[in-house]
């Protein structure tokens, strides 16, 4: 069942508009008409909506070491009927299919902080992404209808705004799905420690075998001031603090409970820069080099900066820090 205030995807059917006909419309590239828009807009994201991103073992290892959600994702409510590794493969965004474990599918699950963090990948919002040639992409094409390519399902898809990283909400989790449809919580995110705590009991250890790391450890990434990933910041009595998102509550990040004051304002802070005239978000830094991600991917920008596609919709490249221009920290304010 959806959470409080959630609404399922609504598809009006009639003798003139059958399921098969509506499905065909959602799978017609660049199709945008009033019927498609009305169906797509019924799948709205609200504060606290549970989101999900299906992961490979390589991506799980990345998140345990500090990655943040970015790119294509889904409302959990829209994909709850997909429960097995074979079914969930439809939602994969990477190309690591050769490394699949047949007995498990992984997913990251978190709660949306605000609808401002998500876009619908339409030709108006992301024209270059919709028109991306097959040789420049990983995964299925972006149809531009707002629905993921599927021969059986009607599944609305989203991308993170400007393909930027999003801060994780409290109690985000990495889960595993078995061939019989069981779900196991493997790790949960603890914002005060900025790390992941292992939750899987002995019966689930086999699901972690393909991660390439010790399965009995917690993951607490070291703080790194050079990281350019997004942060959640808020103010309390005129001072600015890192903030924990626990929708509908937002509080000062603090180890002691007494210091976790509710913030009075809230923003997502993301680092942007331009290189060779291409606007990007800053993902990370290493010495004199900076890792950039295209905010509006298109084939010309991919060639211009030599970007590589790391997963569906995510194009990144390393650039000399000295060559970057228009650097800025951009705050996206959220209403409280």
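Observations on the model:
To keep it simple, each residue is scored yes or no on (1) at pLDDT below 75; (2) surrounded by 17 or more Cβ atoms within 10 Å (Cβ to Cβ); (3) closer than 27 Å to residue 313 by Cβ; (4) under 20 Å from the mean Cα position of the chain (by Cα).
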site: 165; (1), (2), (3), (4): no, yes, yes, yes
site: 168; (1), (2), (3), (4): no, yes, yes, yes
site: 172; (1), (2), (3), (4): no, yes, yes, yes
site: 179; (1), (2), (3), (4): no, no, no, no
site: 192; (1), (2), (3), (4): no, no, no, no
site: 206; (1), (2), (3), (4): no, no, no, no
site: 224; (1), (2), (3), (4): yes, no, yes, no
site: 237; (1), (2), (3), (4): no, no, no, no
site: 251; (1), (2), (3), (4): no, yes, no, no
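- Enumeration of residues in segment 59-96 that are in contact with a helix residue (DSSP H, G or I) (Cβ under 7 Å, 6 or more places away or on another chain) and farther than 21 Å from residue 180 by Cβ: 61, 70, 71, 74, 94, 96
- Meets criteria (part of a loop (DSSP other than H, G, I, E, B) and at pLDDT 95 or above) for residue 301: no
- Condition met for residue 296 (in a loop (DSSP other than H, G, I, E, B) and touching a residue at least 40 places away in the same chain (Cβ under 8 Å)): yes
- Check on residue 14, without any contact (Cβ under 8 Å) to a residue 24 or more places away in the chain and over 21 Å from residue 313 (Cβ atoms): yes
- Within segment 44-58, residues that are on the phi > 0 side of the Ramachandran plot reach partners that are crowded, with 19+ Cβ neighbours inside 10 Å and in a loop (DSSP other than H, G, I, E, B) with beta carbons closer than 8 Å, at six or more positions or on different chains, in the pairs 48/112.
- Failed criterion for residue 201 (all others in (1) surrounded by fewer than 21 Cβ atoms within 10 Å (Cβ to Cβ); (2) over 26 Å from residue 292 (Cβ atoms); (3) touching a helix residue (DSSP H, G or I) at 6+ places or on another chain (Cβ under 8 Å) hold): (3)
- Filtered by the rule that a residue be part of a loop (DSSP other than H, G, I, E, B) and more than 19 Å from residue 293 (Cβ to Cβ), segment 60-75 gives no residues.
- Candidates 51, 10 - the one that is touching a strand residue (DSSP E or B) at 6+ places or on another chain (Cβ under 8 Å) and either over 26 Å from residue 336 (Cα atoms) or surrounded by 15 or more Cβ atoms within 10 Å (Cβ to Cβ) (or both): 51
- None of 185, 243 is assigned by TED's automatic domain parsing to the domain that holds residue 85, at pLDDT 85 or above and either at negative phi or touching a strand residue (DSSP E or B) at 6+ places or on another chain (Cβ under 7 Å) (or both) except 185.
- For segment 83-121, the candidate set comprises residues that are part of a loop (DSSP other than H, G, I, E, B) and modelled with pLDDT of 95 or more; within that set, the residue that is surrounded by the fewest Cβ atoms within 10 Å (Cβ to Cβ) is 120.
- Residue selection: residue 125 fails the criterion of being within 16 Å of the chain's Cα centre (by Cα) and in the same structural domain as residue 54 (by TED's automatic domain parsing).
The values are calculated or read from the model by the stated rules, or taken from the named source; none is laboratory data. Only a predicted model underlies this, so the values are computations on that prediction, with no experimental measurement involved. In this analysis, Cβ positions are derived from the backbone assuming ideal geometry, glycine residues included, and neighbour counts consider all displayed protein chains.
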